[in-house]
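Peer 1: Provided herewith is a single structure, encoded as structure tokens, for subsequent inquiry.
The values are calculated or read from the model by the stated rules, or taken from the named source; none is laboratory data. Bear in mind the structure is a predicted one, so any value in this text is a computation, not a measurement. All Cβ positions, even for glycine, are placed from backbone atoms using ideal geometry, and neighbour counts span all protein chains on display.
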Amino acid sequence: MQPSPTSRLQISSEQVQRLRESISGSLLDPADRAYNEARKVWNGAIDRHPTLIARCRSEDDVVAALDFARELDLLVSVRGGGHGVAGYAVCDDGLVIDLSPMREVLVDADARLVHVQPGARWADVDRATQPLGLATPGGEVSITGVAGLTLGGGMGYLRRKHGLSCDNLVAAQVVTADGRKVHASEDEHPDLFWALRGGGGNFGVVTEFVFRLHPVGPEIVTLAPFFPLKAARHVLAAWRAFTESTPDEASTAFAIWAVPDDPELPEKLRGLPACVLDGMYAGAPDAGEELFRPLRGITTPLVDLSGRMPYAEAQSALDPLFPDGDLYYWKSLFLNELSDEAMGQIVSRAETRPNPRILVVLRHLGGAIARVAGDATAYSSRGAKYMLSIDGAWSDPAESDRNIAWVREFWAAMRPFSNGGVYLNFPGYGEDGRDLWRASHGANFERLRAVKDRYDPTNLFRMNQNIRPTTAGD
């Protein structure tokens, strides 16, 4: 049986004061002036009201907060960067373990390692590593949280050259459900270390990540031509042909979107529906420009934003297009192949987007991702060549039902072309995902459940892409 959430009326003021005095950070309740701001996450569609928010400043604070939650059978959610689209970071009528004050990033340049606290965002990491010409694979926007992205896999612009974020994790410091502090690596708690790399936040609170670093930048080449939407089928076919023989240095995607509402662009172009080629070349800039040149000339672009720029600048270029507080609903599917029929479905459905800000994107995978065995980490979709992501974005709540329904219908229509798995960081929300998580983990699912049984047999950590322990049944 799973514990039922304790009502805030059952928590005495003495118990709250005891927790407040046991942590070095702050403890917020609904009466605190900072509470409403602290309970917000990036996705404005998520509006939850926790009983308490423990803003932790240390690993000991995390232990104290978990002890308190276990004692009172409180529902627990864990907040890192607060950027997860499904909003698992905050719960109703429970305790939020808020790690956002823990943002320290320390670089060991000699060992080519970076130690990252769980409240950090990728901009914090890039700020510390890029002056040394180093990077580790992060997301595609710099405001993404390090913790959630990594635990769900971690897909970004270095994916084909250097793999996923979780592939570059070499160690983690974890507080388990029973309050133990453990170090997880290939040599210590290897089962837990295996599960952390793509198994989501099921197994404990990670209080430090240690990543491998690679020489990247400081200057890279980006791909960003916007073509008229009427050219989408032609551009997609040309891009598919390109992906069949592209070098690992190139991580690219095809998308249907709109020309950004950017004051630096001609006013007549802003907001026009378009198809886009997006990508980065993580190698010699001259080689990247030469490789991308034919893609930029598939047909006459509306505008071409491709070019050389600092890696850190490229990582943050999309940040303004996904602002805090807007409404988001994203779903994904892995595709082993990209057939003509699948391409036709993608384009025809994307042309009916109910809101111009909805982004439909096909990312090319393979490369370093595929060279890792499917059972080497919890992330198992190594054989997929592409990932389809349907990223709903809007600002008017009156549009929510229509936009969410459209994303779900599109996703359901594409499932026959999928291998059955989804990218856990783009899962949708508001649906029972148990069958989806099982299908996504595939052959790794039962091994993940065994790790869950060992480290969290009561399912204390269930505000996530949840793998239920054996005691909870299916």
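Peer 1: Quick one: in segment 253-285, which of the residues that are farther than 16 Å from Ser306 by Cβ and assigned to a strand (DSSP E or B) is farthest from the chain's Cα centre (by Cα)?
Peer 2: Residue satisfying both the conditions and the ranking: Pro273.
Peer 1: How do the pairs read when you match residues in segment 335-348 that are within 18 Å of Gly421 (Cβ to Cβ) with residues anywhere that are part of a helix (DSSP H, G or I) and not β-branched (Val, Ile, Thr), using Cβ under 7 Å and keeping only pairs 6 or more apart or on different chains?
Peer 2: Every condition considered, the pairs that remain are Leu335/Ala342; Leu335/Phe417; Leu338/Arg240; Ser339/Phe417; Ala342/Phe417.
Peer 1: Follow-up question, since we're still on this one. Working carefully through the options Pro356, Pro301, find the one that is modelled with pLDDT under 95, buried (at least 16 other Cβ atoms within 10 Å of the Cβ), at negative phi and not assigned by TED's automatic domain parsing to the domain that holds Gly84.
Peer 2: Result of the check over Pro356, Pro301: Pro356.
Peer 1: Another question about this same structure. Return the residue satisfying two criteria in turn: it lies in segment 410-452 and is free of Cβ contacts under 8 Å to residues at least 40 places away in the same chain, loosely packed, with under 15 Cβ neighbours inside 10 Å and of a type outside the set (Gly, Ala, Ser), and of such residues it is farthest from Leu196 (Cα to Cα).
Peer 2: So the residue we want is Pro416.
Peer 1: Select the strands (runs of 3 or more DSSP E) contained entirely in segment 18-86, then report the ones holding at least 2 residues which are more than 22 Å from Phe209 (Cα to Cα) and of a type outside the set (Ser, Thr, Tyr).
Peer 2: The qualifying strands (runs of 3 or more DSSP E) are 26-28, 52-55.
Peer 1: Going by the structure shown, is Ser58 hydroxyl-bearing (Ser, Thr, Tyr), out of contact with any Pro (no Cβ under 6 Å at 6 or more places or on another chain), crowded, with 23+ Cβ neighbours inside 10 Å and closer than 19 Å to Gly145 by Cβ? Even if it seems obvious, please write down each step before you answer.
Peer 2: On the way: hydroxyl-bearing (Ser, Thr, Tyr): yes; out of contact with any Pro (no Cβ under 6 Å at 6 or more places or on another chain): yes; crowded, with 23+ Cβ neighbours inside 10 Å: no; closer than 19 Å to Gly145 by Cβ: yes.
No.
Peer 1: Another one. Taking interchain pairs and intrachain pairs at least six residues apart, which have beta carbon atoms under 6 angstrom, with the first residue in segment 393-407 and within 21 Å of Pro320 (Cβ to Cβ) and the second in a helix (DSSP H, G or I)?
Peer 2: Hits for this filter: Trp394/Asn403.
Peer 1: To continue, here is another question. Out of the residues in segment 138-167 that are β-branched (Val, Ile, Thr) and under 9 Å from the mean Cα position of the chain (by Cα), which is surrounded by the fewest Cβ atoms within 10 Å (Cβ to Cβ)? Break it down stepwise before answering.
Peer 2: Residues of segment 138-167 that are β-branched (Val, Ile, Thr), as a first pass: 141, 143-144, 146, 150.
Applying the additional criterion that residues be under 9 Å from the mean Cα position of the chain (by Cα) yields 144, 146, 150.
Details: Thr144: 26, Val146: 31, Thr150: 30.
Filtering first and then ranking leaves Thr144.
Peer 1: Return a yes/no flag: does segment 280-301 have any residue that is under 19 Å from Thr222 (Cβ atoms) and of a type in the set (Ser, Thr, Tyr).
Peer 2: yes
Peer 1: For segment 321-340, does any single residue satisfy the condition of being more than 30 Å from Trp437 (Cβ to Cβ), outside any loop (DSSP other than H, G, I, E, B) and at pLDDT 95 or above?
Peer 2: Initially, segment 321-340 is screened for residues more than 30 Å from Trp437 (Cβ to Cβ), giving 340.
Filter again for outside any loop (DSSP other than H, G, I, E, B), leaving 340.
Subset that is at pLDDT 95 or above: 340.
Yes - at least one qualifying residue is present in segment 321-340.
Peer 1: Could you tell me whether segment 152-167 includes any residue that is out of contact with any helix residue (DSSP H, G or I) (no Cβ under 9 Å at 6 or more places or on another chain) and more than 21 Å from Val372 (Cα to Cα)?
Peer 2: Within segment 152-167 (the criterion being out of contact with any helix residue (DSSP H, G or I) (no Cβ under 9 Å at 6 or more places or on another chain) and more than 21 Å from Val372 (Cα to Cα)), the answer is no, since none of the residues qualifies.
Peer 1: While we're on this one: Checking the structure you have, find out if any residue of segment 90-108 is at pLDDT 95 or above, of a type outside the set (Ser, Thr, Tyr) and under 17 Å from Glu313 (Cβ atoms).
Peer 2: no
Peer 1: What are the pairs with Cβ atoms under 8 angstrom where one residue, in segment 360-388, is assigned by TED's automatic domain parsing to the domain that holds Ala250 and touching a residue at least 12 places away in the same chain (Cβ under 8 Å) and the other, located anywhere, is among the acidic types (Asp, Glu) and in a strand (DSSP E or B)? Sequence gap at least six, or different chains.
Peer 2: So the pair list comes out as Val360/Asp391; Val361/Asp278; Val361/Asp391.
Peer 1: Being on the phi > 0 side of the Ramachandran plot and crowded, with 24+ Cβ neighbours inside 10 Å is the filter here, so list the residues in segment 190-222 that pass it.
Peer 2: Initial filter on segment 190-222 (on the phi > 0 side of the Ramachandran plot): 198, 200, 204, 217.
Within segment 190-222, Gly198, Gly200, Gly204 meet the criteria.
Peer 1: Restricting attention to segment 221-252, which residues are over 23 Å from the mean Cα position of the chain (by Cα), part of a strand (DSSP E or B) and within 14 Å of Gly279 (Cβ to Cβ)? Let's see the steps before the verdict.
Peer 2: Here is the first cut: in segment 221-252, the residues over 23 Å from the mean Cα position of the chain (by Cα) are 221, 225-247.
Next, from what is left, pick out any that are part of a strand (DSSP E or B): 221, 225-228.
Scanning segment 221-252 gives Val221, Pro225, Phe226.
Peer 1: Search segment 414-460 for residues being out of contact with any Gly (no Cβ under 8 Å at 6 or more places or on another chain) and of a type in the set (Ser, Thr, Tyr), and hand back the single one that is farthest from Arg180 (Cα to Cα).
Peer 2: Ser418
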